[in-house]
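Every number here is computed from the coordinates shown, using simple stated rules; none is lab data. Note that the structure is a prediction, hence the values are computed from the model and not measured. Cβ: placed from backbone, ideal geometry, glycine included. Neighbour counts: every protein chain shown.
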Ligand code: CAA
Ligand code: FAD
């Protein structure tokens with residue numbers, strides 16, 4: 001089993017999670033991963049199995065149907081699943097870190113009983129809706145409105161790029177209620193799919209993570225009961241930012257897994273492929289690539305586990321999560337590109353998997369805050 005090198009004291013439970021996630025990825029996710037990428041389809045059956053394995057609500061308290069595990073175990077599971085299928089891991093990451101975590105941390109007991117219990121087991125899937133056509137990095141600039149109508153909110157607007165937009169039954173939607181309060185006027189509402197006036201836009205045809213469905217969502221006079229607001233009036237932006245701090249650990253773990261998956265394939269291939277009478281591993285140019293890949297992956301892994309550990313130990317993790325995501329996503333992009341190079345022409349076709357991992361890697365530098373935004377977050381923390 002891989003270890004970090006630094007003494008992170010991975011316990012038996014964490015090692016067991018790694019084994020379980022690795023076995024699941026090999027036996028259930030690997031068969032069909034190329035086809036799902038090509039056809040942009042995520043199998044509902046696989047999603048159900050991931051729920052049964054406990055991957056959809058890993059950190060949620062058992063009281064609400066979750067696994068009650070720590071963030072390090074969660075990061076390890078995301079890492080192992082991402083080695084094989086980054087579409088599966090983004091669905092998992094959004095459900096665990098953005099939807100379940102926000103509900104458990106800030107939701108009322110009634111909201112947890114009604115929604116969290118089903119989300120944590122994977123019986124239903126959740127979506128996190130912050131981004132809009134004109135509000136991505138500039139997330140405070142919300143154009144979606146939630147007008148206070150007394151006993152309910154009237155929701156109007158469009159959300160863009162929503163992961164699991166079609167699959168999800170429950171959406172956490174950020175919307176502006178009091179524009180004069182700026183970001184402190186934003187609320188987070190739990191909105192059920194199927195509500196009158198709620199429609200799903202077309203599926204985005206993406207470069208990578210193609211089996212994960214990404215849609216825009218439209219709200220036209222959707223009535224949302226007051227009891228579906230999470231937290232106090234105006235708490236929505238704080239909720240979104242706090243949630244994303246943890247989400248960034250999940251995406252950093254995803255990037256780490258994508259890099260490690262491509263590296264493992266490249267290492268194996270380098271020992272099998274022969275040119276000029278030798279395995280290509282014997283050419284120092286190839287050895288040096290693999291040495292650099294292994295080194296950067298190890299460094300990324302330490303940053304990811306450190307951020308997860310900070311969160312588990314109740315330390316501030318804004319900076320460590322942003323650093324982990326910034327670094328691991330760059331490592332994923334670089335390592336996957338080199339893995340394609342090591343495979344030569346075979347790396348350029350789908351059968352060898354590394355071209356998909358390279359396409360999947362790119363998104364980790366963009367979503368849950370672009371690399372530029374992570375630098376902005378880190379820089380602000382430096383002078384706090
Ligand atoms: N943690 C907690 N609170 C935070 C925070 C953080 N990391 N960052 C900002 N805040 C709070 C601030 O404290 C402030 O609140 P108060 O005024 O009440 O103190 C409020 O948020 C606004 O912060 P700023 O004044 O710093 O706002 P800004 O506009 O200058 O910058 C930003 C904010 C950091 C750029 C932020 O908008 C941001 O993170 N943008 C990126 C958005 C993003 O990550 N989107 C991801 C969407 S989900 C997704 O992508 C899922 C997926 O793909 C799978
Ligand atoms: P912009 O904000 O327009 O940025 C354009 C470029 O300008 C970027 O390079 C950016 O880094 C740079 N830039 C912007 N501002 C600054 C600055 N101040 N300093 C330096 N550089 C800057 N969102 C959700 O809410 N929920 C989801 O489930 C979700 N899933 C997604 C899935 C996919 C596949 C994709 C592609 C996106 C998803 N997103 C989701 C949205 C994602 O979080 C945004 O795309 C991302 O935050 C960037 O916003 P933007 O696309 O509007 O780019």
By how many degrees, between 0 and 90 and to the nearest 10, does the Cα long axis of helix 354-363 differ from the longest principal axis of the chain? 30
Determine, for 334, 161, the number of other Cβ atoms within 10 Å of each Cβ, and report the residues in order from fewest to most. 334, 161
For residue 113 and residue 45, FRET efficiency with R0 = 25 Å and r from the beta-carbon atoms, rounded to 0.05? 0.35
Theoretical ellipticity at 222 nm over the chain - DSSP helices of four or more residues, -39500 (n - 2.57) apiece, nearest 500: -14500 deg cm²/dmol
Label-to-label distance, nm, for residues given as residue 382 and residue 274 (7 Å Cα→Cβ offset): 5.2
Quick calc, residue 13 & residue 227: beta-carbon distance into FRET formula, R0 41 Å, rounding 0.05, result 0.65
Least to most buried among 214, 364 (fewest other Cβ within 10 Å first): 214, 364
Quick check: from the Cα gyration tensor, does segment 109-187 come out rounded (a/c under 1.5), prolate or oblate? oblate
Note: probe point = Cα of residue 182 + 7 Å toward Cβ; backbone nitrogen < 16 Å; residues of segment 135-169 passing the test are 138-143
For the chain, what class follows from the C-alpha gyration tensor (a ≥ b ≥ c being the square roots of its eigenvalues): rounded when a/c is under 1.5, otherwise prolate if a/b is larger than b/c, else oblate? prolate
Distance between the C-alpha centers of segment 293-351 and segment 178-250? Whole Å please. 28
Once the Cβ-Cβ distance between residue 26 and residue 375 is put in as r, and R0 is 30 Å, what FRET efficiency do you end up with, to the nearest 0.05? 0.25
Angle check, please: helix 371-382 long axis (alpha carbons) against the longest principal axis of the chain (alpha carbons), in degrees 0 to 90, nearest 10. 80
Principal-axis tilt of helix 12-24 within the chain, Cα atoms, nearest 10 degrees: 80
Highest mean first, how do 280-287, 257-264 rank when packing is the count of other Cβ atoms within 10 Å averaged over residues? 257-264, 280-287
Among 154-160, 20-26, the order from most to least packed when residues are scored by Cβ within 10 Å on average: 154-160, 20-26
Spin-label model distance (nm) - residue 220 vs residue 196, 7 Å beyond Cα toward Cβ: 1.4
